[in-house]
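Okay, so here's the structure we're looking at.
The values are calculated or read from the model by the stated rules, or taken from the named source; none is laboratory data. Remember, predicted model here, so these are calculated numbers, not experimental data. Positions of Cβ are generated from backbone atoms using ideal geometry, with glycine treated the same way; all protein chains shown enter the neighbour counts. To get the accessible areas, we keep the full protein, side chains included, count just its heavy atoms, and leave off ligands, DNA and RNA. Shrake-Rupley method; radii C 1.70, N 1.55, O 1.52, S 1.80 Å.
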Amino acid sequence: MSLENKTVDGEGINASQKKETVFGNLKYLIVGIFFGILFVKTEIISWFRIQEMFHLESFHMYGVIGSAVAVGVISVFLIKKFNIKTLQGEKIEIQPKTFSKGQIYGGLLFGFGWAITGACPGPLFAQIGTGATVIVVTLISAILGTWVYGFIKDKLPH
């Protein structure tokens, strides 16, 4: 199936055609809780660890990010090599990417936000769960930023 025949809005290019039941979605909650605990225990949601990274004072976060990149590269290689399918048995399509200067601007904006707030969007809920309720401001800002992008994306050079 080609990219033109699939919708990229909503659930994405590899969205399953099979719908999950409420009970079936429970596995995602369990995995999310597991990752939240993992993020807390490894200190990758720590504001201090993130500041150490941006001040080039510690290798901790670079090691975690580098490990994640290595796992991602190996995973994509294996998916392509062995034609691995989803748990629902559907084909995984990895589309070729094209470079845009907007990716540089977006990456810089993302990095500045990360450095200023000490929070990456992924572990926001884990940070809130640890009692860092000030992160709610970051969460609301991330949601607002996503909404603004959705509102103006057709006017931006892609």
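A few remarks follow.
- Unique match (being under 24 Å from residue 43 (Cβ atoms) and of a type in the set (Ser, Thr, Tyr)) among 149, 62: 62
- Residue in the stretch 117-128 that is open to solvent by 100 Å² or more (accessible area, probe 1.4 Å) and at pLDDT 90 or above present: no
- When residue 75 is tested against (1) at pLDDT 95 or above; (2) loosely packed, with under 11 Cβ neighbours inside 10 Å, only condition (2) is not met.
- The stretch 11-129 holds helices (runs of 4 or more DSSP H) entirely within its bounds, and those carrying 2 or more residues that are in contact with a helix residue (DSSP H, G or I) (Cβ under 8 Å, 6 or more places away or on another chain) and touching a residue at least 40 places away in the same chain (Cβ under 8 Å) map to 26-41, 47-54, 101-117, 124-129.
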